[in-house]
Amino acid sequence: MKCQRHPQVETNLRCSKCGTPICPRCLVQTPVGARCPDCARLSRLPVYQVPTTYYLRASVAGLVTAIACGVAWAVIDWVIPFFSFSLLLAPAAGYVIGEVISWSVNRKRGTVLAVVAGIAVVIALLTRLGFFFLFLGFHISLLNIIIDLVATALGIFVAVTRTRK
């Protein structure tokens, strides 16, 4: 018997559904046995199939949430002026941003959604810094920059893990 897709390969395997001869290269292992690629119907899981309109939804939700989290981050940081408190606030903002983006796209996941979430955390940081500069006249030091960068990296990590594969 010869494989239907590779006529030069001899085989004794058959698809468990349609019975066509298949070689080990064509074989797709399924819970009910070996199948040919046509019968296996390989497709992505629905949770990873993100329509294009969902990216717009995620971007808008991420932007709005990032601005709200940035303002809240600035206010909390102003009320509780502990210099490393941002190391807790940024991951919290990342979690909120990741959850809102995930919720806005019906819990879909994907690499582009993770990038949107990461960018939203950076927007939250920029909103926080802008709020400080505009309303509080905040002067920045090297230590504050380092802490903000580490905090933002933690926030990006949390947001990305909420939305990626």
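Find the relative contact order for segment 1-42 and round it to a whole percent, using C-alpha pairs within less than 8 Å whose residues are 6+ positions apart.
31 percent.
What is the chain by shape, rounded, prolate or oblate, if you read a ≥ b ≥ c off the alpha carbon gyration tensor as root eigenvalues and call it rounded for a/c under 1.5, prolate for a/b larger than b/c, and oblate otherwise?
Because a/c hits 1.5 or more and a/b exceeds b/c, the chain counts as prolate.
In nanometres, what is the gap between the two model label sites at residue 13 and residue 75, each 7 Å from Cα along Cα-to-Cβ?
6.2 nm
Report the full-extension gain for the segment residue 2 to residue 49: residue separation times 0.36 nm, less the Cα-Cα distance, to one decimal in nm.
Length difference between fully extended and current span is 13.3 nm.
Which aspartates and glutamates, on any chain, are close to residue 17 with Cα under 15 Å apart, when same-chain ones fewer than 8 places away are left out?
Leaving aside aspartates and glutamates fewer than 8 places away in the same chain, those within reach of residue 17 are 38.
Any aspartates and glutamates with Cα under 15 Å of the residue 165 Cα? List them, leaving off those in the same chain fewer than 8 positions away.
Leaving aside aspartates and glutamates fewer than 8 places away in the same chain, those within reach of residue 165 are 99.
Suppose a student asked you for the relative contact order of the chain, using Cα pairs under 8 Å spaced at least 6 residues apart; what percent would you report?
24 percent
What is the packing order of peptides 85-98, 41-54, 148-161, 14-27, taking the mean over residues of other C-beta atoms within 10 Å and listing the highest first?
85-98, 148-161, 14-27, 41-54
Only the coordinates and a few stated rules stand behind these numbers; no lab work does. No experiment lies behind these values; they were computed from the predicted model shown. Neighbour counts are summed over all protein chains in view; Cβ atoms, including those assigned to glycine, are modelled from backbone coordinates with ideal geometry.
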